[in-house]
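Below: one structure, written as structure tokens.
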Amino acid sequence: MKTRRYRGDDLRAVLCGMITDKVVLNRIASQWTPDGLFDSPWANLVGRLCISHLKRYDSPPNGQLRGVFEDWAASHPEATEIVKLVERFLVHLSQEYEHQDSPPSSEFTLDRAGRYFNRVRLQNLLDEATVQLEHNRPDKADELLSKSSRVELGTGSTIKPHADYDVWMRAFEREEEKQLVSYPGKLDSFLGRVMVRGKLIAWMGPDKSGKSYWLLDAAFRAIRNRRRVAFFDVGDMNEDDVLMRLGSRAARLPHREPRGFWYPTSVAIDPDTKKTKVDGEDRKPERLLTAPGAFRAYKKACRNRDIFRLRCHPNSTVDVYGIMSVLQDWQREGWVADVVVIDYADILAPPVGIREPLDQIDTTWKQLRRLSQEMYCLVLTATQSNADAYKAKAGMMTRRHFSGRKTKLAHVNGMLGINVTPEEKQVGVTKLNWVVKREGPFTEQQYQIVAGCLAISNPAVVVAGGKSSGKSAES
């Protein structure tokens, strides 16, 4: 029998999804054929056992797979070779569970399964068509190729709502999905349920308004939520800059400011003057942050797990597809990003083959949206506002303050405006407002006041109307 070798990590990842994830198993079961979809007899056996368990108990086998398989093996004593291969897989599976931080999303696994199954399908078709051609039967070969249909599982697959109850369950479960990035007090409720998978969220503000701090802070909050974060700095900072800020955020100590720094303890609107009132204190650290201290603080924050990966590229040297290529390499290792942070979109390399600058901007933001959808992750980035945003009487950031091409506002799920006056910047106060928001009610003039401490890389220490101080607000 002719055999072929495929990447074992693809095969194992798809089988793991069938064993543990009901969404994955349901979708694959709807496409299953009598001969199976894998290019391996033992893998097709495991797939059939999973589907039989689903039909009987309406759930994937999970930890019960070994017992199900042992029952099958007892009734098939002649299948010694298949039994050995399945046993080896089950050992590998138990070891993987012990070291896995969090399972990949159903959509990611289904996309991977679709690519794998279609690769197997095409190879089988090519082999069969080649045999027909060798026997001088081109009509048969053409018929084989023309009648073949794709295995549709992940993004872009056909959904039949009248027959597939699972797609309804998944849609409503997503509504209750836990946020990947969470903030203190009323800021969380002001933002709404936007920091979830499949979304593209951006901050917009003038130069030096804190965009990079907001992006790094969001990455750190995702780390604290035990999410895998891929951070791409594409020319705004270098590795040293990012690591020093990350260390300050984790240790809550400045790596500069030896003479002291301002630390806010509360922020609110004064009822009499209607102006922002912020209380705080001048702090003089007993020590500045050092490399050993930053390293220890970060290891504690990430629980000594591989959940944050950093790539720094010079300005305009990597585009969105370059970032996707890196993420796909990491996925082949089994490391799947929940959150992708790009600091920041305006200095990405222009898309290949597009000369018009405005078209380059539009295409870049389309590709960022595609990244969030295809890899089913939360994508966070930032963009520069136009010159009008620098004016003293500019007011809240609005749609008119976009730079480049307006269509970037159409591609995001939400665009947050960073509103900072020179006076407010001195005491760490920022007003955040929604410039655009795809879901839920909003107005551009509604805003949330926060006060932060950039000396420790935290732009949201306290929130107006929320928690005023303490460890919980800083986390």
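No lab work stands behind these numbers, since they all come straight from the coordinates. Just so we're clear, the structure is a prediction, and the values are computed from it rather than from any experiment. FYI the Cβ positions are ideal-geometry reconstructions off the backbone, even for glycines, and counts take in every protein chain you see.
The figures follow:
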{"item": "Aspartates and glutamates whose Cα lies under 14 Å from that of Lys277, excluding same-chain neighbours fewer than 8 positions away", "result": "Glu423, Glu424"}
{"item": "Stretchable slack from Asp207 to Asn386, in nm (0.36 nm times residue separation minus alpha-carbon distance)", "result": "63.5 nm"}
{"item": "Long-range amide H partners of Val435 with built H, under 5 Å", "result": "Met415, Leu416, Gly417"}
{"item": "Rel. contact order, % - alpha carbon contacts under 8 angstrom, at least six apart, the chain", "result": "18"}
{"item": "Equivalent ellipsoid semi-axes, the chain, via Cα gyration tensor eigenvalues times 5, rooted, Å", "result": "49, 26, 21"}
{"item": "Net lengthening on full extension, Lys277/Arg193 (0.36 nm per residue, minus Cα-Cα)", "result": "27.4 nm"}
{"item": "Spin-label model distance (nm) - Glu356 vs Asn124, 7 Å beyond Cα toward Cβ", "result": "4.6"}
{"item": "Linear extension gain, Arg66 paired with Leu85, 0.36 nm per residue minus alpha-carbon span", "result": "5.5 nm"}
{"item": "In order through the stretch 104-118: 3J(HN,Hα) via Karplus (6.51 cos²θ - 1.76 cosθ + 1.60), integer Hz, x for Gly, Pro", "result": "x, 5, 4, 5, 4, 5, 5, 4, 5, 5, x, 5, 5, 5, 6"}
{"item": "Equivalent-ellipsoid semi-axes of the stretch 177-267, from the Cα gyration tensor, Å, largest first", "result": "23, 18, 14"}
{"item": "In nm, spacing of pseudo-spin labels at Asp9 and Asp139 (7 Å Cα→C-beta vector)", "result": "4.7"}
{"item": "Within-12-Å neighbourhood charge of Trp434 [Cβ basis; K, R +1; D, E -1]", "result": "+2"}
{"item": "Qualifying lysines (Cα of each under 23 Å from Cα of Lys140; at least 8 residues distant if same chain)", "result": "Lys2"}
{"item": "Projected label distance in nm at Phe442 and His76, using a 7 Å step from Cα toward the beta-carbon", "result": "5.4"}
{"item": "Cα-based Rg / Dmax (Å) for the stretch 326-448", "result": "16.3, 51"}
